[in-house]
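Everything on this sheet refers to the single structure shown next.
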């Protein structure tokens, strides 16, 4: 029998469900309009022209990333392959965060703001136009949560047979 | 606990599951992507184009007299909501309902001017082809504003936010 969660550890499963739900939501927003998401991926230009066999890598990303977020979020919430799911979500989140930061340095994305952190543009995250500093802060919080709640070995589960 | 327990194997299992379900869901999705199609290959077109100067004149005319010119914004609805040419209709790709809504105005228009984001965007060309070859709009009235929204915004063109139509 595993040790029961105690103290501040008590809400960890609940927090994990909430974290998983956030990623399911992000994935769903992208999944419901695949072409819009493909265009967002294309606008970053980092996968432009790359192919895997006959398939443009942008198509693979537009098809695969939303599913990975939905499945990853569900697995994280359910505690199944939790660390593997969290690792993928963290990898993609870190990559997209770097891309959002890189794109925010381009003044043409929002000519009204000179400071990169105040610029607003559609990051392709499924939530429409975002202000850079808010998006980066949100992603930092999510990344930290993924590491603490998803990637870190769970002491209670380690005690399980 | 469901095996595997090691992190690399778990990642492999998650990736395999997600990819299998991704392609299954994509094939069932009404707007699913064709996996091997290059959506961003710049299509050649023979539609008439309008310059920035002409576009500016047209917009002024549209604002003043709301006449026979129909503007179509082929960008995503989120981009349209953020800002668009005043009076333009939003007809994103893969949105037949939006196209249906604009058809009445298109059928009595003397000029149709279509724009998308600019740069490498090609949605205005796809929309123009749709209008002419699927909906019988006269080829000679369809025009494409190739510089697109970004160029229009950079030169301080008129814009409006929210749902115009």
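A few notes on this one:
- Among the residues of region A:109-151, the ones that are surrounded by 12 or more Cβ atoms within 10 Å (Cβ to Cβ) and either part of a loop (DSSP other than H, G, I, E, B) or at pLDDT below 80 (or both) come to 11 in all.
- Of the criteria (1) in contact with a helix residue (DSSP H, G or I) (Cβ under 8 Å, 6 or more places away or on another chain); (2) surrounded by fewer than 21 Cβ atoms within 10 Å (Cβ to Cβ); (3) closer than 17 Å to residue B:151 by Cβ, which one residue B:55 fails: (2)
- Among the residues making up region B:29-54, those that are more than 14 Å from every other protein chain (Cβ to nearest Cβ) and modelled with pLDDT of 85 or more are B:46, B:47, B:48, B:49, B:50, B:51, B:52, B:53, B:54.
- Output for region A:88-108, where each listed residue is over 13 Å from residue A:23 (Cβ atoms) and either part of a helix (DSSP H, G or I) or at the interface with another protein chain (Cβ under 8 Å from one of its Cβ atoms) (or both): A:94, A:95, A:97, A:98, A:99, A:100, A:101, A:102, A:103, A:104, A:107, A:108
- Conditions (1) farther than 19 Å from residue B:86 by Cα; (2) modelled with pLDDT of 85 or more; (3) buried (at least 16 other Cβ atoms within 10 Å of the Cβ); number of the one not met by residue B:139: (3)
- Candidate set from region B:122-136 (those that are within 14 Å of chain A (Cβ to nearest Cβ) and crowded, with 21+ Cβ neighbours inside 10 Å); member that is nearest to residue B:38 (Cα to Cα): B:123
- So residue B:72, is it at pLDDT below 85 and more than 11 Å from every other protein chain (Cβ to nearest Cβ): no
The values are calculated or read from the model by the stated rules, or taken from the named source; none is laboratory data. Source: prediction; values computed, not measured. Here the Cβ is made from the backbone with ideal geometry for all residues, glycine too, and neighbour counts use every protein chain on show.
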